[in-house]
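Visitor: Could you have a look at this structure, given as structure tokens, before my questions?
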Amino acid sequence: MHVMHSMKAELKGASSISFQNHSLFNTAPHSSLTGALKGCLGSLDGACIEKLLLHCASALESNDVTLAQQVMWVLNNVASPTGDTNQRLTSWFLRALISRASRICPTALSFKGSSNNIQRRLMTVTELAGYVDLIPWHRFGFCASNNEIFKAILGFQRVHILDFSITHCMQWPTFIDALAKSPEGPPSLRITVPSFRPPVPPLVNVSTHEVGLRLANFAKFKDVPFEFNVIGNNLGPLLAPNNSELSNESTSFHVESLLSLLNPSVLNLRDDEALVINCQNWLRYLSDDRKGNQRCLSLRDAFLSLVKGLNPQIVVLVDEDCDLSSPSLTSRIATCFNHLWIPFDALETFLPKDSCQRTEFESDIGQKIENIIGYEGHHRIERLESGMQMCQRMKNAGYLSLPFCDETVMEVKGLLDEHASGWGMKREEGMLVLTWKGNSCVYATAWVPSETRDPIGFDATMA
């Protein structure tokens, strides 16, 4: 268990969450609740909070709304969006639990004063740059990937990157700058991105085409020949305003239509270019459910199969090192609590409690928590798998792992030296893993197809 800040449970006069049915709490505590509170009252540290969250999850899974509300009442007296690490994290888990419970008993409880929906904010590109620089959650993957990509494309005069990520091409200015410094002169660079985007933060107030124009201007300034393409323009971005639920049909249509575009003719692949596949925090949003019989591939496996058929020079995969694929709510809560404690704790080390940057960053994590805890079925789109699970998936799909070179390790260490002392890195089974106080956060991996083969058509891999 992580070492978390201890704290005292105190009743707050102006709580951010209220329960409309107070009569539920006028009776003696449920025996299960009494057991959950044993040894905790007066010293509600991270372990006790996790214990309460698990009791609440168990009650919700068994449809014991009364017990669930009693546990939420206790958590409500701990949670504070402006408190310490545990209090702030608890407030988001409580919000997610209330969101889930409201679908079981819609009139039992609600947030005070405003809609339950989290307001999504649109950042400027400048704000986005500050967002990814705040902690190395994203920059770690950028740095590790860029160095391995640079090594893989040496000797090529043309480079084509298929970029599947959620950070609006923030990875590429540093890469373009590195290309510009090549002793032999920079190769031409083509970046292709999908119009489809998972409906998750960070969100920006400019279009994908505008992002491409800004990259083109930067590349021109650096004297790097550059081209930017968007595939699937007819699909449009998959965005749900204010956390509204996306239909299963809408999500599947976008993803399947996008995968149908992953062929050499649509992508205009050229024999003399090095093809790079870059996946940053993206694969988790492709469904791993199989349609029809077990011989059919899931969307996630179909993507990897199609990509392999394109015969890329390198495939880089980066994501959070955490398994959130379990159908069990209690399992997801335990894993999620111990994983997402990390960014909350890291922000606590250098930002004041009333920092707007901190509040906004935590709000984006809170949206993730609400999806992981509050939803099931196709509405639960946050379906992370651990680095080890992803490595096994890649091997099963016919890829070979590329070990990270010492130069990449040194570059990543240099990046982490710019941040708080709690950040570190380890090598593990061919992966580079970002750590915070020894706890795994984000993994980076690099791969090549184990054999060259003809591109596979979409219809051949999906039912």
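Each value in this text was obtained by applying a stated rule to the coordinates, not by laboratory testing. Treat the numbers as computed from the prediction; the structure is a model and nothing was measured. No Cβ is skipped: glycine too gets one built from the backbone with ideal geometry, and neighbour counts run over all protein chains shown.
Visitor: For the stretch 141-231, compute Rg over Rh where Rg is the Cα radius of gyration and Rh is the Kirkwood radius from the inverse mean 1/r over Cα pairs.
Guide: Working: Rg = 13.0 Å, Rh = 13.6 Å.
Result: Rg/Rh = 0.95.
Visitor: Using only the alpha-carbon atoms of the stretch 325-420 as identical scatterers, what base-10 log of I(q)/I(0) does the Debye formula give at q = 0.12, 0.13, 0.19, 0.23 Å⁻¹?
Guide: Here log10 of I(q) over I(0) equals -0.62, -0.72, -1.09, -1.13.
Visitor: Sticking with this one: H379 to C296: FRET efficiency via 1/(1 + (r/R0)^6), r the Cβ-Cβ distance, R0 25 Å, to the nearest 0.05? Write out the running numbers ahead of the final one.
Guide: Working: r = 22 Å, r/R0 = 0.89.
That pair, H379 with C296, gives E of 0.65.
Visitor: For q = 0.13, 0.20, 0.24, 0.32 Å⁻¹, what log10 I(q)/I(0) does the stretch 355-400 give under the Debye formula with an equal point scatterer on each alpha carbon and no solvent?
Guide: -0.50, -0.76, -0.82, -1.00
Visitor: Could you pull out every residue, at least 5 positions away or on a different chain, whose amide H is within less than 5 Å of the one on M425? Hs are placed 1.01 Å off N in the peptide plane, and Pro or chain starts have none.
Guide: Excluding prolines and chain starts, which carry no amide H, the hits are T435.
Visitor: Return one quarter of the surface area of the convex hull spanned by the alpha-carbon atoms of the stretch 116-173, equal to its mean projected area, in nm². List each step's numbers first, then the result.
Guide: Details: hull surface 21.8 nm².
Over every viewing direction, the Cα hull of the stretch 116-173 projects on average to 5.4 nm².
Visitor: Moving to a separate point now. Counting pairs of Cα atoms in the stretch 388-427, how many percent are more than 14 Å apart? Mind dumping the intermediate values first?
Guide: Values: 470 of 780 pairs.
Pairs farther apart than 14 Å: 60 percent.
Visitor: How would you rank 333-343, 310-320, highest first, on the average number of other Cβ atoms within 10 Å across their residues?
Guide: Packing proxy ranking, top to bottom: 310-320, 333-343.
Visitor: Where the Cα atoms of the stretch 284-326 are projected onto their three principal axes, how long is each span, largest first, in whole Å?
Guide: Per principal axis, max minus min of the Cα coordinates gives 32, 26, 12 Å.
Visitor: For the peptides 174-181, 350-357, 385-392, 46-53, what is the packing order when you average, over each peptide's residues, the other Cβ atoms within 10 Å and list the highest mean first? Please list the in-between numbers first.
Guide: Details: 174-181: 16.9, 350-357: 11.9, 385-392: 18.8, 46-53: 21.8.
By packing density, highest mean first, the sequence is 46-53, 385-392, 174-181, 350-357.
Visitor: For the stretch 214-222, take each phi angle, set θ = phi - 60°, evaluate the Karplus expression 6.51 cos²θ - 1.76 cosθ + 1.60, and give the result in whole Hz per residue in order, putting x for glycine and proline.
Guide: Per-residue couplings from phi come out as 5, 5, 4, 5, 5, 5, 4, 4, 8 Hz.
Visitor: At 7 Å along Cα-to-Cβ for each site, give me the label-to-label distance between A178 and D406 in nm.
Guide: 1.8
Visitor: Given charges of +1 on the Cβ of Lys and Arg and -1 on the Cβ of Asp and Glu, with all other atoms neutral, how large is the dipole of the stretch 124-188 about its Cα centre, in debye to the nearest 20? Mind showing how you got there, number by number?
Guide: Values: 4 positive and 6 negative charges, 33 e Å.
In debye, rounded to 20, the stretch 124-188 gives about 160.
Visitor: Using the Karplus equation 6.51 cos²θ - 1.76 cosθ + 1.60 (θ = phi - 60°), what ³J(HN,Hα) coupling, rounded to whole Hz, does each residue of the stretch 87-100 give in order, writing x for Gly and Pro?
Guide: Working through the residues one at a time gives 5, 5, 5, 4, 4, 6, 5, 4, 4, 5, 5, 5, 4, 5 Hz.
Visitor: Taking the stretch 252-377 on its own, what percent of its Cα-Cα pair distances exceed 17 Å? Spell out each step's value before the answer.
Guide: On the way: 5469 of 7875 pairs.
When all Cα pairs of the stretch 252-377 are counted, 69 percent exceed 17 Å.
Visitor: Sticking with this structure for a sec: How far apart, in nm, are the 7 Å Cα→Cβ label points at E428 and D133?
Guide: In this crude label model, E428 to D133 measures out at 3.0 nm.
Visitor: If you don't mind, another one. Order the peptides 127-138, 82-93 from the highest to the lowest mean number of other Cβ atoms within 10 Å of their residues. Write down the numbers at each step before the final one.
Guide: Numbers: 127-138: 18.4, 82-93: 22.2.
Listed from highest to lowest mean packing, they are 82-93, 127-138.
Visitor: If amide H atoms are built 1.01 Å from N in the plane of the peptide, which residues on other chains or at least 5 residues away come under 5 Å of the amide H of Y399?
Guide: Residues meeting the criterion, in which the H sits 1.01 Å from N, are S450.
Visitor: Now for a separate question. Could you work out how much longer the chain between S450 and Q357 gets when fully extended? Use 0.36 nm per residue separation minus the Cα distance between them, nm to one decimal.
Guide: Details: separation 93, 0.36 × 93 = 33.48 nm, distance 4.39 nm.
In short, 29.1 nm is gained.
Visitor: Next up: Quick one: which of K368/K413; K291/K426; K181/K353; K368/K395; K151/K220 span more than 30 angstrom between C-alpha atoms? Spell out each step's value before the answer.
Guide: Working: K368/K413 28 Å; K291/K426 37 Å; K181/K353 41 Å; K368/K395 28 Å; K151/K220 23 Å.
Among K368/K413; K291/K426; K181/K353; K368/K395; K151/K220, the Cα-Cα distance tops 30 Å for K291/K426; K181/K353.
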